[in-house]
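The next block holds one structure in the form of structure tokens; read it before the comments.
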2 protein chains.
Amino acid sequence: MPTQTKENYLKAIYFLDQNNSEVTLTALGKLMEVSTPTVNNMVKKLATKGWVNYEKYKPLTLTDLGKKDAALIVRKHRLTEMFLVQIMGFGWEEVHEIAEEMEHLNSEVLFDRMDLILGNPTQDPHGSPIPDKDGNFTRKKYLKLSDLRQGDVAYLRAVGDSSAELLLLLNAKNIKLGTQLQVAEIESYDKSMVVRIENSSNSTFSYEVCKRLLVEKI
Amino acid sequence: MPTQTKENYLKAIYFLDQNNSEVTLTALGKLMEVSTPTVNNMVKKLATKGWVNYEKYKPLTLTDLGKKDAALIVRKHRLTEMFLVQIMGFGWEEVHEIAEEMEHLNSEVLFDRMDLILGNPTQDPHGSPIPDKDGNFTRKKYLKLSDLRQGDVAYLRAVGDSSAELLLLLNAKNIKLGTQLQVAEIESYDKSMVVRIENSSNSTFSYEVCKRLLVEKI
DNA sequence: TAATATTTTTCGAATAACCATAATTATATT
DNA sequence: AATATAATTATGGTTATTCGAAAAATATTA
């Protein structure tokens, strides 16, 4: 039985993995906000259930099953987000929390129906890919705004963090997916950037923010 | 913290109460499919949390809080059912199970939005009333088809059971809410009825079925 | 490589939700 | 009053989740 906690562990391992970071127990513990022994204990259980490959003192990996199941949870999450925005009229900053709850629902038909209604979307409202029913997806290679150079022009394609805080900040500047951004200036001291938005207004964003704006160069 | 099990107890007590049946521990146990000591134990907890009035050896009642909270769970359930049918295109026989899961979601905004999109519906797809945000609703007084006499004509207004089995049976006969039904014959032996549907075809229904067809006489 | 720091593991245990059986005690019925 | 029914208490079990302390392994660094 995949319980909610186990699903969250699975997701966490999955995300660390995607990040190319080694999946260590301490990293997992930090992410899940529990102690290392707790993680160790849980990981053993996940291993006996066939979700992770676990050998003492070695970094974790997901089994094929684990990868698939994690991807399917992410699928539920992102389909839900898309449905909430496209069909129910929520703002992109409101949906993460709701989806966090709904991703644990078991009714497959519900998510299948969302998928159908949305026309098999491949991206969620934050530009992240939606895995298909087999757990497969193609991650587009985007650049971080923070990696661009002065004068570069790009379009916002995804945000690396779907927290309400970041999204509200973008809302305030009228920035959405697809918005054109040009690096007007880079402050070398703190790597903050002055960004020209859609060829009209300029705004300054911290490095922390720019790192999370995933763009495609023109 | 209302856990899923506690919410289900609350709902069960609420339904027994609505049924005018005395809420005894054995009745509850039967409904919840657990032993009486288990119920007893749980009821004490519900009492300390302020949801039920519990005195030893006396039948249970819900407190005002209990009534409200139970009604709010029912609200979530029925709003969800309505949303699934009206907006997502599910059949009335498919939605009970999904709503059974979704009623335990905490995101209030989700249900508020459903309510808004649906235009504050007062009935679910099975004709049951949807409590408002304060937990209030008015239950329409319907008759059971099984209580009508030969020749009586009535419209189906609600079904007393939203199991897929019953609803599929009705689907097969093309019976929906609003369908006109006339009692053509009553078999005194087993109280089954021959029913004329929309002035065209006749079908026989068992007493068990007729009891669950809630109608309004013409 | 030896010393030190960091991670991981094991161990022992706690808590919270559930649930059950057996035996006792009330209450209801006849 | 005797009997049947229902509720209660007592006791105990499982599962899921978590922790801290101490030991063991691995990694780092001087």
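Nothing in this text is a laboratory measurement; each read-out follows from the coordinates by a stated rule. In this text the structure is predicted, and so the values were computed from the model without any measurement. Here Cβ is always computed from backbone atoms with ideal geometry, including for glycine, and neighbour counts include all displayed protein chains.
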For this session: Work out the length of the dipole vector of the range B:125-218 about its Cα centre, built from +1 on the beta-carbon of each Lys and Arg and -1 on the beta-carbon of each Asp and Glu, and round it to the nearest 20 debye.
Result: 260
Exercise. Gain in length, A:Glu216 to A:Lys68, computed as 0.36 nm per residue apart minus the alpha-carbon separation, to one decimal in nm?
Worked result: 50.4 nm
For this session: Once the label point is placed 7 Å from Cα along Cβ, list for B:Asp190 the distances to the corresponding points in the other copies, in nm, shortest first.
Result: 8.1
For this session: Would you mind ranking B:Met102, B:Met114 by Cβ crowding within 10 Å, fewest neighbours first?
Result: B:Met114, B:Met102
Seminar exercise, completed: A chain fully extended from A:Thr138 to A:Leu169 at 0.36 nm per residue, minus the present Cα-Cα distance, gains in nm 8.3 nm
For this session: Please say if the range A:79-218 is rounded, prolate or oblate, where rounded means a/c under 1.5 for a ≥ b ≥ c the square roots of the C-alpha gyration tensor eigenvalues, and otherwise the choice is prolate for a/b larger than b/c and oblate otherwise?
Result: prolate
For this session: Taking each label point as 7 Å beyond Cα in the direction of the beta carbon, state the distances from A:Val34 to the same residue in the other copies, shortest first, in nm.
Result: 2.3
Exercise. Using a label point 7 angstrom from Cα along Cα-to-C-beta, what distances in nm, from shortest up, separate B:Asp161 from the other copies?
Worked result: 5.4
Problem set entry | Burial ordering of B:Val34, A:Val23, fewest other beta-carbon atoms within 10 Å first | B:Val34, A:Val23
Problem set entry | Gap separating the Cα centres of the range B:78-122 and the range A:101-166, nearest whole Å | 25
Exercise. If you take the beta carbon distance between A:Glu33 and A:Ser206 as r and set R0 to 30 Å, what does 1/(1 + (r/R0)^6) give as a FRET efficiency, to the nearest 0.05?
Worked result: 0.75
Exercise. For the range B:125-167, what log10 I(q)/I(0) values come out of the Debye formula at q = 0.14, 0.25, 0.33 1/Å, with one point per alpha carbon and no solvent?
Worked result: -0.45, -0.99, -1.19
Exercise. Taking the Cα-to-Cβ direction at B:Gln150 and at B:Leu105 and moving 7 Å from each Cα, how far apart do the two end points lie in nm?
Worked result: 5.2
Problem set entry | Sequence-distant residues sharing a close amide H with A:Gln123 (under 5 Å, placed H) | A:Ile130
Problem set entry | Charge dipole (debye, nearest 20) of the range A:46-108; +1 at Cβ of Lys and Arg, -1 at Cβ of Asp and Glu | 500
Exercise. Which values of log₁₀ I(q)/I(0), to two decimal places, follow from the Debye formula for the protein assembly as shown at q = 0.10, 0.11 Å⁻¹ with a uniform point scatterer at every Cα?
Worked result: -0.90, -1.02
Problem set entry | Cβ-defined net charge surrounding B:Ser200, 15 Å radius [Lys, Arg +1; Asp, Glu -1] | +2
Problem set entry | Added length on full extension, which subtracts the Cα-Cα distance from 0.36 nm per residue, B:Thr24 to B:Asn120 | 31.1 nm
Seminar exercise, completed: Taking r as the C-beta separation of A:Thr5 and B:Asn41 and R0 as 25 Å, the FRET efficiency to the nearest 0.05 is 0.50
Problem set entry | Mean Cβ neighbour count within 10 Å, used as a protection proxy, ranking A:45-56, B:86-97 highest first | B:86-97, A:45-56
